[in-house]
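Novice: Provided herewith is a single structure, encoded as structure tokens, for subsequent inquiry.
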Amino acid sequence: MIELESIQAKLAAQERLSPQDALWLYTHAPSDWLREHADKSRQLRHGNAAFYNRNIHFEPTNKCIYACSFCAFYRKPETSAEAGAWDYSFADLKSLLDAHPAPTLTEVHITGGVHPDRGVEFGEALCSLVRDLRPEIHVKAFTAVEIAYFARKSGLTIEATLSRLQQAGLASLPGGGAEIFDPEVRKQIAGQKSPAHRWLEIHETAHGLGIKSNATMLYGHVEEFRHRVDHMLRLRELQDRTGGFMSFIPLRYRNENNALSHLAEVSPEEDLRNYAVARLFLDNIPHLKAYWVMLGIPQAGAALHWGVDDLDGTVDDTTKIYSMAGAEEKKPGMTRAQLEEIIRGEGRDPVERDSLYRKIHVS
Ligand code: V47
Ligand code: SF4
């Protein structure tokens, strides 16, 4: 296989892979080869460390003006509580924080549906509540889709919106809302919400303000391999300009309770191959995360051998996005000891990190 030799030579010379190389890897590379090379690339960056953090999620509402066809989480804004919609209060956020006293927590991840009545003031109030009550906690909040709506609702530019949130305590952006950037695929799965260029513009603006972020890719639905390559290429190009992405998080489409439930999910092997291609192609995003809540624990452990260096956090049963969509973990939560045991079981050294990937505790 002449292509494999050429790609291997590029990797040995630490040369960048082309989009054609990545497509070839997806379609032709033997799985053993992918695992070995992605693992080598991970090892060169992070040695034997595998990262995790101590976090909770807060999902203020699942009422949403959009209706993404893969989403099992959203309810139309007029939906009643009996029909499964919720709107948590500021007091609910305070109670959640009180239930997690210091030092059990270093991060709160806030994201939810796009509520029609809520502009930037709502986002500011959530961020400042955490900052005022628990200044030691890092606030990672709002997908680019929520930020775009805050800006529109409040009549502000993206920069002004992000800047106000930053002043209120926002410290980084999660990677959600990226889905797949290709316009044709995006139209089919998330046609109503902000287009790819808006997602990328929001992250670029955040990076310019010193707000780091993550990037996701929702795969395994109607997209083709070329769309995944295009998605990662756009991220790689933006990262070349800003260096603001910390972590890439591939998210396998889960098929329960949504408008695309007729689609099968990709196989566990396909998940692992996807992590490996991402590790090799996205050479400028330092961390690759296997979000155990979405994958299940055994598969997240396996991913540590396919280029992954981060499993995300303790979560403590505070997110519903994946359990509603069919994930195995119906009440996702792990202690530090459990996360460390999984990591050690895979032959790696557990490292507790903060939200900016600074090492807090090495076991
Ligand atoms: O944007 C929704 C995805 C994302 C489904 O930045 C689905 O550290 C699969 O972005 N099947 C939100 N995926 C979650 C997210 C995230 C999670 C963990 C850590 C970080 C981080 C970010 O969840 C959405 C969408 O792509 N999603 N429904 C589904 N049925
Ligand atoms: Fe709304 Fe987000 Fe679900 Fe889309 S993925 S319907 S924007 S909650």
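The values are calculated or read from the model by the stated rules, or taken from the named source; none is laboratory data. Everything numeric in this text was worked out from a predicted model, so none of it was measured. So basically every Cβ, Gly included, is an ideal-geometry build from the backbone, and we count neighbours across all protein chains shown. Just so you know, the surface numbers come from the protein's heavy atoms only, side chains and all, with ligands and any DNA or RNA stripped out. Shrake-Rupley method; radii C 1.70, N 1.55, O 1.52, S 1.80 Å.
Novice: Calculate how steeply helix 336-345 sits against the longest principal axis of the alpha-carbon atoms of the chain, using the helix alpha-carbon long axis, and give the answer as 0 to 90 degrees to the nearest 10.
Specialist: Between the helix axis and the principal axis of the chain, the angle is about 10 degrees.
Novice: Evaluate 2.2 N^0.38 Å with N set to the residue count of the stretch 275-360, then give the Cα radius of gyration divided by it.
Specialist: Numbers: Rg = 13.0 Å, N = 86, 2.2 N^0.38 = 12.0 Å.
So the stretch 275-360 has a normalised radius of gyration of 1.09.
Novice: Still on this model: Compare Leu218, Leu209 by solvent-accessible area with a 1.4 Å probe and give them largest first, with all protein chains kept in place. Show your work: numbers first, answer last.
Specialist: Numbers: Leu218 15, Leu209 45 Å².
Highest to lowest solvent-accessible surface, that is Leu209, Leu218.
Novice: How big is the gap, in Å, between the Cα center of the stretch 122-195 and the Cα center of the stretch 267-320?
Specialist: 23
Novice: Compute, for the stretch 140-220, the length of the dipole vector about the Cα centre, with Cβ point charges of +1 (Lys, Arg) and -1 (Asp, Glu) only. Units Debye, rounded to 20.
Specialist: Numbers: 9 positive and 7 negative charges, 50 e Å.
That gives the stretch 140-220 a dipole magnitude of about 240 debye.
Novice: Separate question: Restricting attention to the stretch 239-287, which GluC sites (Glu not before Pro) occupy a DSSP loop and are surrounded by at most 13 other Cβ atoms within 10 Å?
Specialist: Answer by residue number: Glu256.
Novice: Quick one: putting +1 on the C-beta of Lys and Arg, -1 on the C-beta of Asp and Glu, what dipole do you get for the stretch 2-362 around its Cα centre, in Debye to the nearest 20?
Specialist: On the way: 42 positive and 50 negative charges, 115 e Å.
That gives a dipole near 560 debye.
Novice: Which cross-chain or sequence-distant (5 or more) residues have an amide H under 5 Å from the amide H of Tyr66, H modelled 1.01 Å from N in plane?
Specialist: Val114
Novice: Angle, helix 19-28 long axis vs. longest principal axis of the chain, Cα atoms, 0 to 90°, nearest 10?
Specialist: Roughly 70 degrees, rounded to the nearest 10.
Novice: Averaged per residue, what accessible area in Å² does the stretch 187-346 show with a 1.4 Å probe, protein chains only? Each step should come with its number before you reach the end.
Specialist: Values: 5620 Å² over 160 residues.
Per residue, the stretch 187-346 has an accessible area of 35 Å².
Novice: Here is a follow-up. Can you tally the net charge around Gly326? Count Lys and Arg as +1, Asp and Glu as -1, for every other residue whose Cβ sits under 11 Å from the Cβ of Gly326.
Specialist: Working: positive: Arg252, Arg254, Lys330; negative: Glu256, Glu265, Glu328, Glu329.
Computed value for this residue: -1.
Novice: Where both partners of a DSSP beta bridge lie in the chain, what percent of those bridges are antiparallel, to the nearest 5? Before the final figure, lay out each step's value.
Specialist: Values: 4 of 34 bridges.
Percent antiparallel among DSSP bridges in the chain is about 10.
Novice: Around Pro77, what is the net charge, scoring Lys/Arg as +1 and Asp/Glu as -1 over all other residues with Cβ under 14 Å from its Cβ? List each step's numbers first, then the result.
Specialist: Numbers: positive: Lys63, Arg75, Lys76, Arg118, Lys153; negative: Glu78, Asp87, Asp117.
Net local charge, Pro77 excluded: +2.
Novice: Next up: I'd like the per residue volume of the convex hull spanned by the Cα atoms of the chain, given in cubic angstrom.
Specialist: Numbers: hull volume 45.3 nm³, N = 363.
Convex hull volume per residue, Cα atoms: 125 Å³.
Novice: Let me ask something else. Binning every alpha carbon pair distance of the stretch 150-267 at 10 Å from zero, what are the percents per bin?
Specialist: Computed distribution, short to long bins: 13, 42, 32, 13, 1.
Novice: Would you calculate, for the chain, the mean residue ellipticity at 222 nm contributed by helices, counting each DSSP H stretch of 4 or more residues as -39,500 (n - 2.57) and dividing by all residues, to the nearest 500?
Specialist: Working: 14 runs with 156 residues, N = 363.
Here the helix-only value at 222 nm equals -13000 deg cm²/dmol.
Novice: For the chain, can you list the cysteines whose C-beta has no other cysteine C-beta under 4.7 Å from it?
Specialist: So far as the 4.7 Å Cβ criterion goes, Cys64, Cys127 stand without a partner in the chain.
Novice: Using a 1.4 Å probe on the protein heavy atoms only, what accessible surface does Asp39 show? Give it in Å² to the nearest 10.
Specialist: Approximately 40 Å² of Asp39 is accessible to the 1.4 Å probe.
Novice: All other residues with a Cβ under 15 Å from the Cβ of Ala67 taken together, and with Lys, Arg as +1 and Asp, Glu as -1, what is their net charge? Mind dumping the intermediate values first?
Specialist: On the way: positive: Lys63, Arg75, Lys76, Arg186, Lys187, Lys193; negative: Glu78, Glu179.
Cβ neighbours under 15 Å give a net charge of +4.
Novice: A follow-up question, please. Hey, can you grab everything whose amide H is under 5 Å from the amide H of Gly191? Only 5+ residues off in sequence or another chain; H modelled, so Pro and N-termini drop out.
Specialist: Under 5 Å from the amide H of Gly191 lie the amide H atoms of Ser69, each far enough along the sequence or on another chain.
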